[in-house]
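Trainee: One structure coming up, written as structure tokens, with questions to follow.
The values are calculated or read from the model by the stated rules, or taken from the named source; none is laboratory data. Computed from a prediction, not measured in an experiment: that's the story for all the values here. Glycine gets a Cβ as well: all are built from the backbone with ideal geometry, and neighbour counts include every protein chain shown. These accessible areas exclude ligands, DNA and RNA; they are computed on the full protein's heavy atoms, side chains included. Shrake-Rupley method; radii C 1.70, N 1.55, O 1.52, S 1.80 Å.
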Amino acid sequence: MKIAFIHYHLKTGGVTTVLKRQIAAIQGACDALVLTGDRAATALPCKVVEIPELGYDQPDVSPPAADRVAERVLKALNGKWPGGCDVLHIHNSTLAKNRQFLQIIKRLQQSGVNLFLQIHDFAEDGRPDLYFDEDYPTDCHYGVINARDAGILMGAGLDGSGLHHIPNAVEGISVNRCRCPKPQILYPVRALRRKNLGEAILLSMFFNNGQRLAVTQPPNSPTDTASYRDWIDWVRKNHLYVDFEVGKDTDFALLVESSESIVTTSISEGFGLAFLEPWTAGKLLWGRRIADICGDFEENGIRLDFLYDRLDVPLAWLDADAFSRGWHHSVFSAIERYGHKVAADTVNCAFARLTHDEMVDFGILSEKFQRQVLTRLIADVSVKAELISLNAWLAHPGEVVGSSAIIENNRTAALQHYGANQYRDRLLEIYDRIVNHPVCHCIDKPALRDAFLDLDRFSLLRWGAYEG
């Protein structure tokens, strides 16, 4: 079978990792080609054609006509295979990082190409700047990486015969388990705002025995970078035990091997590979649980019951009035941008639930309000004891009873359910269905928008503008 892949770029990141594993999975069974806007320095075991017009929009540069870009794609496909490919597998096509992308895809579909649109991230999920106003492609196969997204898309009109749930594959991390780790807690993350870096910094204030928090990679986008740089400056100013960009010049497996455990404080994930991979290296993962992502893993035997679902802080520890104004403003901005129909009373009731008993989850706060809480922790040592009384696990962060048995259980389950062989079989089955079973369906965009607006989990890190 002839499979062509398209992604905006091949820079280091989650989607590029998935793409590389997909190519590896189908080797020997399919012939592959990759088309990308920016090949970066990524080496792949197949031909790569760079078409810059498939990349991200560039400031002050007018985009080329969609017809012309589609012609370049078809030329590349026919140059590799006379007659074209069997399946064109496109990643994250519904994010408007390229405003011409949907039009390009629709032109390709009109030419007779079999499309497989795999969605990792939804613009409707707190990404208003990446939202397409136009309809998404119809009558083609879609793929998602978790059961939550599959349910949402079926609720928005897609038929199960043309919607495929394909969880990401897990590659075991090979480490020397005999090596003694450093007093280091690793946060293996590209530090986007939704990764909730402020909470990881808060946790580091409760570490024991000289442990340090190690954050692996910086973000790429301007908004995320502004937040990240401010955190670096704030940490250095307050002399906290946090190291940044430790993964820039050090092999990832070596970082995992030399760490005592792995932490996550992310408030939102597409798949959540961080909840699976550490176990394969014999390392404990601890931190924040994301319910609608972790549910998939728990159904497959991964034990995550020791993670926390929220980190309570008193509203009195921050400027509560400013937080209320900022939260309400962000909610109404989202409602306006996406065209939701939500009454003001509904919004007010949701805020009342979020701040019940004069408490709020730290992960709901923007960086500005998180820093107000952290400043209080630094200024008054008694405040740490009060926070422990509200979140008992902070007394011994990263310590889990029965951790050895949990690690072994989760390592076995992760490799059994998310291994390379299972992934290969599923991917080939999907390609076969795309070629042999045309579909007739479409996405109801208002229904999709409404499914992602959850006011009971509306975080300023996810939906609010960065304030600095």
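Trainee: Multiply the residue gap between D57 and E386 by 0.36 nm, knock off their C-alpha separation, and tell me the result in nm, one decimal place.
Mentor: Value of the extension gain: 113.6 nm.
Trainee: With the cut-off at 14 Å, report for region 321-400 the share of all Cα pairs above it, as a whole percent.
Mentor: 72 percent
Trainee: Whats the longest run of the chain with zero trypsin sites (Lys or Arg not before Pro) that are DSSP loop and have at most 12 other Cβ atoms within 10 Å?
Mentor: Here the longest segment lacking exposed loop sites spans 1-176.
Trainee: Right, next: Please compute the length gained on full extension between N300 and D139, using 0.36 nm multiplied by the number of residues separating them and subtracting their Cα-Cα distance.
Mentor: That pair, N300 and D139, stretches by 54.8 nm at full extension.
Trainee: Need one word for region 327-468: rounded, prolate or oblate. Basis is the Cα gyration tensor (sqrt eigenvalues a ≥ b ≥ c); a/c below 1.5 gives rounded, then a/b vs b/c decides.
Mentor: The shape class here is oblate.
Trainee: Rounded to two decimals, what ratio of Rg to Rh does region 246-318 give with C-alpha atoms and a Kirkwood Rh?
Mentor: 1.03
Trainee: Also: What ³J(HN,Hα) values, in whole Hz, does the Karplus curve 6.51 cos²θ - 1.76 cosθ + 1.60 give for region 53-60 when θ = phi - 60°, with x put for Gly and Pro?
Mentor: 5, 8, x, 4, 4, 10, x, 6
Trainee: State, to one decimal in nm, how far the label point of D309 lies from the label point of E408, with both points 7 Å from Cα in the Cβ direction.
Mentor: 3.0 nm
Trainee: Now for a separate question. Would you work out what percent of the accessible area of region 178-290, with all protein chains in place, is carbon or sulfur (probe 1.4 Å)?
Mentor: Carbon and sulfur: 49 percent of the exposed surface of region 178-290.
Trainee: Could I ask something else about it? Considering all projection directions equally, how large on average is the shadow of the alpha-carbon convex hull of region 136-178, in square nanometres?
Mentor: Dividing the Cα hull surface by four gives the mean projection, 4.3 nm².
Trainee: Give the value in nm², to one decimal: projected area of the alpha carbon convex hull of region 143-216, averaged over all directions.
Mentor: Average of the hull's projected areas for region 143-216 equals 7.8 nm².
Trainee: Here's another thing I want to ask about it. Could you sort the peptides 356-363, 3-10 by per-residue average Cβ neighbour count (10 Å cutoff), highest mean leading?
Mentor: Averaged packing, sorted descending, gives the order 3-10, 356-363.
Trainee: Could you provide, to the nearest whole Å², the per residue accessible area of the chain with probe 1.4 Å?
Mentor: Per residue, the chain has 42 Å² of solvent-accessible surface.
Trainee: Where Rh denotes the Kirkwood radius from the mean inverse Cα pair distance, what is Rg over Rh for region 190-298?
Mentor: Result: Rg/Rh = 0.94.
Trainee: Another question, then. Could you tell me the distance between the Cα centroids of region 90-164 and region 246-268, to the nearest Å?
Mentor: A separation of 32 Å, based on Cα centres.
Trainee: Amide H to amide H under 5 Å from V49: which residues, 5+ apart in sequence or cross-chain, H placed 1.01 Å off N in plane?
Mentor: V34, L35, T36
Trainee: Taking the 0 to 90 degree range and rounding to the nearest ten, how far is the long axis of helix 320-338 tilted relative to the main principal axis of the chain, both from C-alpha atoms?
Mentor: 10 degrees
Trainee: Now for a different question. Sort D38, D425 by heavy-atom solvent-accessible area, probe 1.4 angstrom, most to least.
Mentor: Greatest to least solvent exposure: D425, D38.
Trainee: On to the next question. What is the pair-distance distribution P(r) of the chain, computed from all Cα-Cα distances in 10 Å bins starting at 0, with each bin given as a whole percent?
Mentor: Histogramming the chain at 10 Å steps yields 4, 19, 29, 27, 16, 5, 1, 0 percent.
Trainee: Now, a different point. Give me the percent of DSSP beta bridges within the chain that run antiparallel, rounded to the nearest 5.
Mentor: The antiparallel proportion sits near 5 percent.
Trainee: Sticking with this one: Tell me, what is the Rg over Rh of region 1-149, with Rh the Kirkwood radius over Cα pairs?
Mentor: Rg/Rh for region 1-149 comes to 0.93.
Trainee: Output the pairs from K195/K341; K195/K248; K182/K368 with a Cα-Cα distance over 24 Å in this structure; if there are none, say none.
Mentor: K195/K341; K182/K368
Trainee: Report the dimensions of region 70-189 along its three principal axes from the alpha-carbon atoms, largest first, rounded to Å.
Mentor: So the extents along the principal axes, rounded to whole Å, are 58, 37, 30.
Trainee: Averaged over every viewing direction, what's the projected area of the C-alpha convex hull for region 189-236? Give it in nm², one decimal, please.
Mentor: If you wrap the Cα atoms of region 189-236 in a convex hull and average its projections, you get 3.3 nm².
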